[in-house]
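Enquirer: Here's a structure for you.
The values are calculated or read from the model by the stated rules, or taken from the named source; none is laboratory data. Every value quoted in this text rests on a predicted model; they were computed, and no experiment measured them. Here Cβ is always computed from backbone atoms with ideal geometry, including for glycine, and neighbour counts include all displayed protein chains.
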Amino acid sequence: MADRLMLLDTASLYFRAFYGVPDKITRSDGTPVNAVRGLLDMIARLTVEFEATHLIACWDDNWRPGWRVDLLPSYKAQRVAESVANGPDVEEVPDGLTAQIPLIREVLELAGIAIVGAADHEADDVIGTYASGARSAVDVVTGDRDLFQLVDDAHEVRVIYTARGMKNLELVTDEVIVGKYRVLPGQYVDYATLRGDASDGLPGVAGVGEKTAATLLGEYGSLESVRDAATDAESTLSASVRSKLTAASDYLDVAPRVVRVVRDLDLPTPAKAGARLSAVTGKKRAELERLSKDWNLGGSVTRLLAALDTYS
């Protein structure tokens with residue numbers, strides 16, 4: 001089997017699991033375990049179905065990095081539960097999910113699944129760095145459209161998009177992005193900047209939606225060229241669009257740096273991170289089975305172990 005690296009946008013997946021699996025599934029003390037169960041089932045299915053040989057659970061060491069907020073204060077502002085002066089802001093997360101996150105990490109570690117984060121960076125940046133430096137095919141698993149910027153058929157990087165649920169996974173390639181958005185993956189950062197994204201606190205350019213953003217990039221190629229055209233009296237850009245771009249000038253100065261994922265973090269190689277998948281044996285397997293019983297994780301651990309057993 002040829003090597004294939006699978007990169008998990010872990011928070012995206014455990015949030016999806018939390019809302020997709022009934023929260024009536026609990027430990028004996030009433031603590032919900034639906035996110036843990038759901039995430040493990042996702043991993044068990046994805047690794048086998050897409051023939052991953054290596055797996056990294058990419059982690060948000062900082063879900064709202066200060067350097068991005070300094071550039072664009074509205075970035076993810078609507079998700080802040082508590083501002084912290086000298087550290088990461090506290091994200092608004094349901095109590096039932098917060099209680100499960102330490103257990104998620106513990107279970108992944110016992111299963112031998114590599115967990116990698118980076119100080120003052122999001123999981124997206126970890127994913128971007130590994131995807132850009134990989135020497136094998138890469139599958140990025142996420143429900144976040146921002147990571148479409150990484151899609152690259154020439155380097156065998158694709159996205160397994162989970163937004164419509166695990167029963168309706170979408171394999172996102174160059175062709176899919178062009179067909180759906182009428183831009184190339186390499187233009188996606190500029191497209192997202194122009195269009196905006198309310199869920200991330202990106203206002204976009206007022207009056208410029210998906211269709212106009214795609215048309216502009218189709219004609220001019222890049223946001224930089226679009227902005228040059230807006231200041232060129234000889235260009236064919238309409239007065240209306242010129243006005244909109246001019247009004248959004250301050251935003252356009254900084255937003256691409258916020259949207260663009262970092263691709264050059266200093267991270268351990270997949271090999272050093274322990275990304276190669278293998279069967280869980282010995283004390284770790286026994287501990288995982290004990291934890292499964294104590295936390296009522298049931299068939300989810302059994303299915304994960306069975307999936308990993310195929311790598312023995």
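Enquirer: Would you check if Asp139 is surrounded by 18 or more Cβ atoms within 10 Å (Cβ to Cβ), assigned to a strand (DSSP E or B) and of a type in the set (D, E, K, R)?
Expert: Criteria met by Asp139.
Enquirer: Next up: Taking the condition under 19 Å from Ala230 (Cβ atoms), of a type outside the set (A, V, I, L, M, F, W, C) and modelled with pLDDT of 95 or more, does Gly218 pass?
Expert: yes
Matching residues to (1) of a type outside the set (Ser, Thr, Tyr); (2) under 15 Å from the mean Cα position of the chain (by Cα):
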{"site": "Val116", "(1), (2)": "yes, yes"}
{"site": "Ala123", "(1), (2)": "yes, yes"}
{"site": "Thr129", "(1), (2)": "no, yes"}
{"site": "Val140", "(1), (2)": "yes, yes"}
{"site": "Lys167", "(1), (2)": "yes, no"}
{"site": "Asp174", "(1), (2)": "yes, no"}
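Enquirer: Follow-up. Report every pair of residues separated by at least 6 positions or lying on different chains whose Cβ atoms are under 8 Å apart, first residue within region 88-114 and within 14 Å of Lys284 (Cβ to Cβ), second among the acidic types (Asp, Glu).
Expert: Once the first residue is within 14 Å of Lys284 (Cβ to Cβ) and sits in region 88-114, its partners that are among the acidic types (Asp, Glu) give Leu110/Glu287.
Enquirer: Can you tell me which residue among Leu184, Leu223, Leu216 is farther than 29 Å from Leu46 by Cα and within 24 Å of the chain's Cα centre (by Cα)?
Expert: Checking each option against the conditions leaves just Leu223.
Enquirer: Show me the strands (runs of 3 or more DSSP E) found entirely inside region 1-93 where at least 3 residues are at pLDDT 95 or above.
Expert: In region 1-93, 4-9, 54-58 are the strands (runs of 3 or more DSSP E) which contain 3 or more residues that are at pLDDT 95 or above.
Enquirer: Any residue that is crowded, with 18+ Cβ neighbours inside 10 Å, charged (D, E, K, R) and in contact with a Pro (Cβ under 7 Å, 6 or more places away or on another chain) - is there at least one of those in region 243-261?
Expert: no
Enquirer: Can you pull out every residue in region 144-160 that is of a type outside the set (S, T, N, Q), out of contact with any strand residue (DSSP E or B) (no Cβ under 7 Å at 6 or more places or on another chain) and either under 17 Å from Tyr14 (Cα atoms) or buried (at least 19 other Cβ atoms within 10 Å of the Cβ) (or both)?
Expert: Arg145, Asp146
Enquirer: Now, a different point. Identify the single condition in (1) assigned to a loop (DSSP other than H, G, I, E, B); (2) more than 28 Å from Arg27 (Cβ to Cβ) that Ala279 does not satisfy, given that it satisfies every other one.
Expert: It is condition (2) that Ala279 fails.
Enquirer: Could I ask something else about it? Does any residue in region 294-306 that is over 19 Å from Thr26 (Cβ atoms) come within less than 9 Å, Cβ to Cβ, of a residue that is acidic (Asp, Glu) and part of a helix (DSSP H, G or I) six or more places away or on a different chain, and which pairs are these?
Expert: Pairs that qualify, where the first residue is over 19 Å from Thr26 (Cβ atoms) and the partner is acidic (Asp, Glu) and part of a helix (DSSP H, G or I), are Arg303/Asp41; Leu304/Asp41; Leu305/Glu289.
Enquirer: Does region 275-284 contain any residue that is surrounded by 21 or more Cβ atoms within 10 Å (Cβ to Cβ), out of contact with any strand residue (DSSP E or B) (no Cβ under 9 Å at 6 or more places or on another chain) and among the hydrophobic types (A, V, I, L, M, F, W, C)?
Expert: Yes, region 275-284 contains at least one residue that is surrounded by 21 or more Cβ atoms within 10 Å (Cβ to Cβ), out of contact with any strand residue (DSSP E or B) (no Cβ under 9 Å at 6 or more places or on another chain) and among the hydrophobic types (A, V, I, L, M, F, W, C).
Enquirer: Residues of region 142-177 being touching a residue at least 12 places away in the same chain (Cβ under 8 Å) and in a loop (DSSP other than H, G, I, E, B), which ones?
Expert: Correct list: Gly143, Asp144, Val151, Glu156, Thr162, Ala163, Gly165, Thr173.
Enquirer: Please go through region 210-251 and pick out each residue that is more than 20 Å from Gly196 (Cα to Cα) and either touching a residue at least 24 places away in the same chain (Cβ under 8 Å) or touching a Leu at 6+ places or on another chain (Cβ under 7 Å) (or both).
Expert: Across region 210-251, the qualifying residue is only Ala229.
Enquirer: Go through (1) in contact with a helix residue (DSSP H, G or I) (Cβ under 9 Å, 6 or more places away or on another chain); (2) at positive phi for Thr31 and report which single condition fails.
Expert: The single condition Thr31 does not satisfy is (2).
Enquirer: Which condition from (1) touching a Ser or Thr at 6+ places or on another chain (Cβ under 9 Å); (2) among the polar types (S, T, N, Q); (3) closer than 30 Å to Leu223 by Cβ is the one that Ser312 breaks?
Expert: (3)
Enquirer: Within the set of pairs 6 or more residues apart or between chains, which connect a residue that is under 16 Å from Cys58 (Cβ atoms) inside region 272-283 to a residue that is at pLDDT below 95 and assigned to a loop (DSSP other than H, G, I, E, B) with Cβ atoms less than 6 Å apart?
Expert: Here the result reads Leu277/Tyr311, each pair linking region 272-283 to a residue that is at pLDDT below 95 and assigned to a loop (DSSP other than H, G, I, E, B).
Enquirer: Quick test for you: out of Leu267, Leu297, Leu304, pick the one residue that is under 30 Å from Asp200 (Cβ atoms) and surrounded by 15 or more Cβ atoms within 10 Å (Cβ to Cβ).
Expert: Checking each option against the conditions leaves just Leu267.
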